[in-house]
Structure formats: C-alpha cells, structure tokens
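Student: Before I ask anything, here is the structure I am working with.
The values are calculated or read from the model by the stated rules, or taken from the named source; none is laboratory data. Everything numeric in this text was worked out from a predicted model, so none of it was measured. Here the Cβ is made from the backbone with ideal geometry for all residues, glycine too, and neighbour counts use every protein chain on show. To get the accessible areas, we keep the full protein, side chains included, count just its heavy atoms, and leave off ligands, DNA and RNA. Shrake-Rupley method; radii C 1.70, N 1.55, O 1.52, S 1.80 Å.
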Amino acid sequence: MKIGFLNLPFKGCLTLLFLLLLSKSIYAQTAKHSDYLEELSVLIRETTNDPEKGLKISDSLITIAKKTNNINKYAISLLAKGAALSFIGKNSEALEIELKAYAIFDSINDTTGKSISLLNISYVQMHLKKYRKAQDYLLQALDFAEKDNSRLLTNIYANLASASVELEQYNEGIKYYKMALSHFKKIENFYGVSITYHGISIAYRNLHDNTLGEKYGLLALNYQKKTNSDYALSMIALNLGDIYLEEGKLDTAKKYLDIGGEASEKINYPHHKENYYENMARWHKLNNDYKSALEYYEKYSIVKDSIYSLENEKISSEIEEQFQNELKTNEIKLLKTQKELATAEIEKNRFWALILILVTILCIAAIVVLYQNYIGNKKSNELLKLEKVQLSERNQLLESENILVQFETLRTQVSPHFLFNSLNALTSLIKTDKEKALRFTKEFSKIFRNTLELKKKNLITLKEELEHVNAYLYLQKMRFDSNLIININIDSKFLNDYLPPFSLQMVIENAIKHNIITVESPLQIEINAKDSFLVVTNNLQPRQVTEDSTKTGVKNIISRYKYISELEPTFEITNNLFYVKLPLIKEEL
C-alpha cells in the first residue's frame, strides 16, 4: 500500500513552509513590503495551532487592506486566508481565494507574488488529491521564481518533493527534499528541517525501507523539539506510530500515537485527527480490543465524512452558481438601481441628520465646558494620535508620488536625446579640453547618483536641490552654450528650507522642453526666493514642436505639495513671462 502525505499527517505543511521562510525575501526589490510579510509569517504560525483564529485575523487584514487601498497587502492577506481555510479542510473555498490572489498579482505583473500563489494552489490541489495538477502548478511557480531568490526556490523544491512522493516518484522526491534540506539547516530553520526529514521518512517507507523511514522520522522529531510546533509534532509522531504498528512494536507505537493524538486534538486539525483515529482503531484491533477499535473507527468515519461533505457541498454550490449566473446579472442591475434610489434618499435625509448632529455637538460642548481641564487633556492626546495617523497616511501617499517623479527624472536623464547630446559634448571636450571633460563626467555621474540617493526622501533642503540642479544645468549649458542663461540669486537664509526632491529640476526641464533656445532667441531663467516661495521665471517663446513628454511634471509637483503643505505651487503667464512659485517648507515632515 502506498503511504502518502495525505494518508499520513503531512497535509498543510507545504503552504506553511514557504510563508514562514519568505518574510524577508519575497519582495527584496521593494523593501516596503517586508513589514507586512513578517506579520504574515507570524499569522501562519498561529494558524497551525488555531486555524479558526488565523481565519479571523486574515479577514481583519483583508478589511484593513481594502480600506487603505493597499492592493499588495490585500493579495497577501488572501493567501493567508486561503492557508487558514485549507487547514480546516475547506479546500474548495481555499482554492477560490488562492486563484483570486493569483489574478491580483497577475494584474500588477508581480511575478514573485504569482509564484507564491501557485505554491498555495498546488497545496490545495494536493488536498483534493489532484497530485499531477499540483506538480504542474509547482513547475509554473519555478518558472516565475527569480533565480537568486533561494528561499523561494527552496520551498518550491520542498513542495515538488511532496508532489513527487504522492505520484510515487519516490527517488525524485528524496532528491528534491535533500536540495531543500541544506538551505533549511544553513538558516537554522528547524521547522523546515523537521518537516523535510518527515517527508524523506515517508518517501523511504514507500520504498519499503522502514529502517530509513524510522531513522528520518526520529530526526524529524528531534528537530521538532526545537520548534515547539504542535502541528509538526502531530504529523511526525503519528508517522512514527504508524511505522511501529507495521513492525508489531505495539507499546512503542502506542507511545507515539498518544503523543500525535494529543497534538492533533490540541490543534483540532481534521486530517491529522482522521489519521490518529484510523491508527488507534488498528492498534486496538491488534490488541484484540474490538470494542475500542470500533469506537475509534466510528470517529475516523465521522471525521472522514465531514471532510468529504465540505467538498461535496462546495461542488454542488458551484454547479448551482453556473446555472444562476444569468439571473444574477439581472439582479445586479436591479441592485444598482436600488442603490441609486437609496443614495438619493440618504442625500434627502442628510440635511436633517446634520442638524441633529449640530444640536448634539452643542449639547456636548456645554458639558465639555464644565469639565474643560479633564476633557482638554484627553482631547489633546486623541488629537496627537489622529495627527500621527494622518501624517503616516500622507507620507505613504507622498512616497507613491515620489516614485512617479523618480521614474520621470530617470526617464528624462536616460532618454536618447539627453544621452546623445551629453556624450557628443563629452567627446568634443576630450579632444579639446581634458579638464572640462573630467568635470563634465563628474557632473554627468552626479545627476544619476543624486537621483538614487535622494529617492528615499519625501523632502530635501533647497541647498540639496540646488546642488543637484547645478549638475544638471552644467550639462545643459554644454548643450546650449550662451543661448541658455541661468541666474540664481537666493539668500542663504532660505537654503535650509525644504521642498519635494527634483521639483526645481522638473520646472527647469519644462522650460527647456517647451521653449525655443537659439542665438537669436536665448532662453533666460531667473531663480530667486521671496516670502517663503522659490520663484522661477523664464521668457516665454514656445516651440511649435516640443520634445517628447509624459506631461506629468506639473501635475506631479501639485499632487506632492497636497500632502506636505497647505500652500500650493502656482504656474502663470504674465507679460510674456512664465512664473512658477514653489512653496518652501520651514520644517521637515
């Protein structure tokens, strides 16, 4: 008889493995994701001991992600919910959730997220005993995984090993397990080591080598003791109990079955309990205690039937859902109409609701006056908390805007026109003036270095911005020579004021892009500071055909200032001059 991960208590470890291991590396290219991935790994650990609690927490994370419009956190929380559903045997629901997460990662072209989703999907397919499909999904996950993401690759290998054993490819499974094992030991992931040894034990048992099966089972138990995981203890101990049952060592078998049974009851995981009840029925039968054997077999049947009924119920609902799709389309239209009517009714009642709120506020205000000192202190603390939350939200929004401006800045700097003109000028200087060529090279590299160094900041000082702009203007002067006239006259008292990074450069870029610059019509740009504003002026001589532009410069500047200042930048034309006023901020946010 084939001994598989779904006959022995190995189900559930696959998803758990990769989520526990990837919290620091899934999004190495985007460090901002690492915090909630760390939270996710903790959630999955909790799920192994209390799946219902894990399900509630994942639902809460999904609600928060929706409110904050955080699509990455939403998708990751769906993965956590899918894992929790699988732990409690609701595999069809889990599959639906995991496919939804995959669709989200696919829509934002996140290949790492797609790879992780495929891992979860393969895990559910194994629960449904569709091992070939699980293996196909894992091979797709391997294609999407980045080759330098060793943690992700390790977990794909571990899952491929499990699928291979289920498909009776035992030697192939052992090979994959040993590939994963070395990495688990290297990073001292004792949970991963224990689960991997358990998998190797199962593979050797299917090769009819109980000696090696026992050896690796005991190694798995030894490493489990370093993790305190009841989930791992349940599957490993039950496997050892099954080994000793086959060898007729009934006392030893009872010892490990009791350990595994206690752990499975503690975590209330149906598949482990199913295996425990089945083995206890066998144990009592071998001891000629048929009454107890029958009692355990009845428990085994109840658990097995409940797992099956969950799947059968889901399949039936899916058939019914297909039948009623057309009706639902019409119902949706009706609901939309009803929603519009309800909205109109809400608007009608809003005025009276506001009056009631105002009256209530006045009553509350009268009471507040009597307890002014007490309420004043309490209100100050509440406002401080609210301001911190608002500041955090504004910083997140500003970070998003900064990503856009960094892209626009880099796009401009690496455009073919910019590179061609810069390199052409450098070639000429090398032939005529080596010192100028050296300075040109330094300024050219400074532009790209500044872009990388300043990209993490929401605000920089005017001094830092001017240093970056001077490097950029040096290259532009080489291009346009005396046809581009730049006058910077800024009092030193303004140099420590703040503004969004690259905002002044974008203003100058717009002036150069959209105006004629020739000997007959030189472009003159004046830069000065006055009354907490940075003022940039240029003579207006529009080009008939402008350089390629994404048209995001002005919009981006205005959008970023919304998050950092009540003052807004202005752009206006007066007396054939184009004026730009950028607010200067006295303190860094």
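Student: Taking into account only those residues within segment 440-466 that are under 20 Å from Asn510 (Cβ atoms) and modelled with pLDDT of 80 or more, which is surrounded by the fewest Cβ atoms within 10 Å (Cβ to Cβ)?
Tutor: Leu466
Student: Oh, and also: Check Arg479, Arg560 and return the single one that is crowded, with 16+ Cβ neighbours inside 10 Å and within 22 Å of Lys457 (Cα to Cα).
Tutor: Arg560
Student: Please verify whether segment 305-327 includes one or more residues that are modelled with pLDDT of 75 or more and either assigned to a helix (DSSP H, G or I) or within 30 Å of Asn268 (Cβ to Cβ) (or both). Please lay out each step first, then the result.
Tutor: Quick first cut of segment 305-327, residues modelled with pLDDT of 75 or more only: 305.
Now restrict to residues that are either assigned to a helix (DSSP H, G or I) or within 30 Å of Asn268 (Cβ to Cβ) (or both): 305.
Among the residues of segment 305-327, at least one is modelled with pLDDT of 75 or more and either assigned to a helix (DSSP H, G or I) or within 30 Å of Asn268 (Cβ to Cβ) (or both), which makes the answer yes.
Student: Collect the residues in segment 94-147 that are under 19 Å from Lys81 (Cβ atoms), out of contact with any helix residue (DSSP H, G or I) (no Cβ under 7 Å at 6 or more places or on another chain) and of a type in the set (D, E, K, R), keeping them in residue-number order.
Tutor: Glu96, Asp110
Here's the yes/no breakdown for (1) in contact (Cβ under 8 Å) with a residue 24 or more places away in the chain; (2) open to solvent by 10 Å² or more (accessible area, probe 1.4 Å):
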| residue | (1), (2) |
| --- | --- |
| Val193 | yes, no |
| Ser201 | yes, no |
| Asn206 | yes, yes |
| Leu212 | no, yes |
| Tyr216 | no, yes |
| Tyr231 | yes, no |
| Ile236 | yes, no |
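Student: Restricting attention to segment 487-506, which residues are hydrophobic (A, V, I, L, M, F, W, C) and either open to solvent by 40 Å² or more (accessible area, probe 1.4 Å) or touching a Pro at 6+ places or on another chain (Cβ under 9 Å) (or both)?
Tutor: Of everything in segment 487-506, those that are hydrophobic (A, V, I, L, M, F, W, C) and either open to solvent by 40 Å² or more (accessible area, probe 1.4 Å) or touching a Pro at 6+ places or on another chain (Cβ under 9 Å) (or both) turn out to be Ile488, Leu495, Leu499.
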